[in-house]
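Engineer: Quick one: this structure, given as structure tokens, is what I'll be asking you about.
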Amino acid sequence: MGEARQKNIQSFAFVLSVCAAFCFCLSFVSEFVGTGQSCEIELESRLNPNYAPIESLVRLPGIGVSRAGAIVAYREKFGDEDGGNPVFQSSNDLQKVKGIGPKTVQNIGEWLKFE
């Protein structure tokens with residue numbers, strides 16, 4: 001009879017530990033899923049595409065590594081020809097970069113500054 005009781009205690013301890021582990025995992029998942037916060041990118045300030053590095057440009061909505069690289073490459077290629085004038089005078093100038101169209105410009109316009 002002692003052996004059966006020991007198995008019952010072990011089974012109860014196992015079920016209890018599984019429940020505790022489940023509750024522990026659920027608390028972590030609820031932090032990421034159920035908070036109701038949006039997953040949008042938040043930038044501390046506006047970026048100037050004439051000077052921003054690739055690492056900063058990638059944080060813009062709809063701009064991945066390849067588009068950010070294209071912006072920097074375009075800026076480097078055409079920046080010297082204008083005698084020091086910024087390549088991008090407004091967000092519409094970004095449409096000169098391959099892969100960036102009016103919709104992308106509209107989506108990132110609020111995150112850009114041109115000084």
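The values are calculated or read from the model by the stated rules, or taken from the named source; none is laboratory data. Please read all numbers here as calculations on a predicted model, not as lab measurements. So basically every Cβ, Gly included, is an ideal-geometry build from the backbone, and we count neighbours across all protein chains shown.
Engineer: Which is assigned to a helix (DSSP H, G or I) and either modelled with pLDDT of 90 or more or of a type in the set (A, V, I, L, M) (or both), of I63, I41, I100, I71? Working first, answer last.
Structural biologist: Numbers: I63 fails: assigned to a helix (DSSP H, G or I); I41 fails: assigned to a helix (DSSP H, G or I); I100 fails: assigned to a helix (DSSP H, G or I).
Answer to the selection: I71.
Engineer: Right, another one. Filter segment 77-91 down to the residues that are in a helix (DSSP H, G or I) and within 15 Å of N48 (Cβ to Cβ), then identify the one that is modelled with the highest pLDDT. Can you show your working first?
Structural biologist: Residues of segment 77-91 in a helix (DSSP H, G or I): 77-79, 91.
Restricting the remaining residues to those that are within 15 Å of N48 (Cβ to Cβ) gives 79, 91.
On the way: G79: 80, S91: 92.
The residue in question is S91.
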